[in-house]
Amino acid sequence: MRLGTHPRRRALALGLAGLGLLCGHSAAANPPRLGLPVSCSLGDTCYIQQFVDHAAGPDARDYTCGALSYDGHKGTDFGLPNLRHMAAGVDVLAAAPGRVAGTRDGVPDTGWAPALAGRECGNGVVIRHADGWETQYCHMKQGSITVQSGQIVPAGAVLGQVGFSGRTEFPHLHLSVRHNGQVIDPFDADGQISCTGEGRTSLWAVPLPYQPGGLLAAGFADHVPGFDAVKAGTASPTENRLPRQPKALVFWAHGFGARPGDTLDISITAPDGSSFFETRVTLEKTQAQYFRAAGRRVSAPLMPGRYMGRATLLRAGKTLGQSQGQITIDN
């Protein structure tokens, strides 16, 4: 069976018709109970960046009525902090037992490109479960698929690894859940969202926490790094050391789910406990991912020792996330 496509404004498909979101539809009896489809620690080594879109018009709304979705999104995106985590290898797991209905491999881990038309899902696997249920796993790493069509797999079986293939801007697993060809939000399977959190018709065997935004990583550099380096995991010195007089001492933070009015506090503490630098940055627009960096130019040798950096993300005065880092300035 040939793996289908994953366009931004069309349903994921496998040659099936009518994959519209089930709004106001009662979840079918005996749906599968889903386990976490990625071998990671949610909120630590992975995070959920986007959910199924519940808005009927051009706007986007997740199952809490929040903004962690985009127009027409048909699945749940489990993201990794950066490409370095992906390269290290993070397993994709079968969310429920079933039979493998289709696989695709061979799409390079280069993210979206026009040549990928018709292969927007990238490398992936489709599993059919009982009673018309189906799960699809997209954007997997090239060469990592470990299962074959027709194979019966238990829940938790390794299917491959998280990748960067197909139409994507960051390494993640896109999980779609369907019943009789129609998209189902596993967080609220009957589509009757209450805006208060995970619905009573959740398909998750263990409830997954909702994080409306947060920080993915942070670190030091001797200049303001480029966003590509941040997303690749190469923005900071590999040994966390800098010479006595670098060009600058900068602390950066990489976050997701930004909303207008969010604030990001960035501070650097010197080895003697004194404040080396601190600032507050106000985020001005909704962004799926972003980064900010701040610090000081260096015009004289720095105090040697360990410098500590901290980034704190706040929304309406409430802390959404905090990341810390350290760097050693050589004698």
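Go ahead and estimate [θ] at 222 nm for the chain from helices alone: -39,500 (n - 2.57) per DSSP H run with n ≥ 4, summed, over the residue count, rounded to 500.
Values: 2 runs with 12 residues, N = 331.
Rounded to the nearest 500, it is -1000 deg cm²/dmol.
Check each of the trypsin sites (Lys or Arg not before Pro) in region 136-223 and keep only those in coil by DSSP with at most 12 other C-beta atoms within 10 angstrom; list them in order. Display every interim value, and only then the final one.
Values: sites: LYS141, ARG167, ARG178, ARG200; in loops: LYS141, ARG167, ARG200.
Those satisfying the criteria are ARG200.
For the chain, give the percent of accessible area contributed by carbon and sulfur heavy atoms, probe 1.4 Å, rounded to a whole number.
On the way: 6920 of 14280 Å².
Answer for the chain: carbon and sulfur cover 48 percent of the accessible area.
Just the accessible area for ARG128, please: 1.4 Å probe, Å², rounded to the nearest 10?
110 Å²
Within a Cβ distance under 11 Å of ASP59, other residues only, what is the Lys/Arg minus Asp/Glu net charge? If you can, show how the numbers build up before the last one.
Numbers: positive: ARG61; negative: ASP53, ASP71.
Result for the local shell: -1.
Among all the lysines, which ones have a C-alpha under 28 Å from LYS247's C-alpha, if same-chain residues fewer than 8 places away are not counted?
Of all the lysines, those that pass the test against LYS247 - Cα under 28 Å, at least 8 places apart if same chain - are LYS231.
Got a sec to turn the phi values of region 99-110 into Karplus ³J(HN,Hα) couplings, 6.51 cos²θ - 1.76 cosθ + 1.60 with θ = phi - 60°, whole Hz, x for Gly and Pro?
Once rounded to whole Hz, the list reads 10, 5, 9, x, 9, 8, 9, x, 7, x, 8, 10.
Quick one: among LEU320, LEU36, LEU80, which has the greatest mean-square fluctuation in a GNM of the chain with alpha-carbon springs under 10 angstrom?
Fluctuation is largest for LEU320.
Have a look at ALA130, ALA300, ALA94 and tell me which one the Gaussian network model of the chain (Cα, springs below 10 Å) gives the largest fluctuation.
Evaluated over the chain, the most mobile residue of the options is ALA300.
SER39: accessible area at probe 1.4 Å, nearest 10 Å²?
Rounded to the nearest 10, the figure is 70 Å².
Let me check I've understood the local charge: for GLY143, count other residues with C-beta under 13 angstrom from its C-beta, Lys and Arg +1, Asp and Glu -1. What total comes out?
On the way: positive: ARG104, LYS141; negative: ASP105, ASP109.
Residues near GLY143 contribute 0 overall.
At most 12 other Cβ atoms within 10 Å and a DSSP loop assignment: could you name the GluC sites (Glu not before Pro) in region 204-299 that fit? Walk me through the numbers before you get to the answer.
Numbers: sites: GLU239, GLU278, GLU284; in loops: GLU239, GLU284.
Of the GluC sites (Glu not before Pro), the ones in loops of region 204-299 whose Cβ has at most 12 other Cβ atoms within 10 Å are GLU239, GLU284.
Mean separation of Cα pairs under 8 Å and 6+ residues apart, divided by the residue count of region 97-189: what relative contact order is that in percent? Provide the component values of the computation, followed by the final result.
Details: 227 pairs, mean separation 32.3, N = 93.
It rounds to 35 percent for region 97-189.
Say we join alpha carbon atoms closer than 10 Å with springs in a Gaussian network model of the chain; which of THR312, THR238, THR282 then has the biggest fluctuation?
THR238
When the Karplus curve 6.51 cos²θ - 1.76 cosθ + 1.60 is applied with θ = phi - 60°, which whole-Hz ³J(HN,Hα) does each residue of region 229-241 get, with x for Gly and Pro?
My calculation for region 229-241 gives 5, 4, 5, 7, x, 10, 6, 10, x, 5, 9, 6, 9 Hz in order.
Count the net charge of all other residues whose Cβ sits under 9 Å from the Cβ of ILE266, scoring Lys and Arg as +1 and Asp and Glu as -1. If you can, show how the numbers build up before the last one.
On the way: positive: ARG280, ARG292, ARG310; negative: ASP265, GLU278.
Charge balance near ILE266 sits at +1.
At what distance in angstrom do the alpha carbon centres of region 231-276 and region 43-108 lie from each other?
28 Å
Return one whole number: the accessible area per residue of the chain in Å², for a 1.4 Å probe. Write down the numbers at each step before the final one.
On the way: 14280 Å² over 331 residues.
Result: 43 Å² of accessible area for each residue.
Stokes-Einstein diffusion coefficient for the chain at 10 °C in a medium of 1.306 mPa s, Rh from the Kirkwood formula over Cα pairs: what value in µm²/s? Please list the in-between numbers first.
Details: Rh = 21.0 Å.
Answer, rounded: 76 µm²/s.
The values are calculated or read from the model by the stated rules, or taken from the named source; none is laboratory data. The model shown is predicted, which means the values in this text are computed figures rather than measured ones. Because the Cβ atoms are built from the backbone with ideal geometry, glycine has one as well, and the counts that use them run over all protein chains shown. Note: accessible area is taken over every heavy atom of the protein model, side chains too, but ligands, DNA and RNA are not part of it. Shrake-Rupley method; radii C 1.70, N 1.55, O 1.52, S 1.80 Å.
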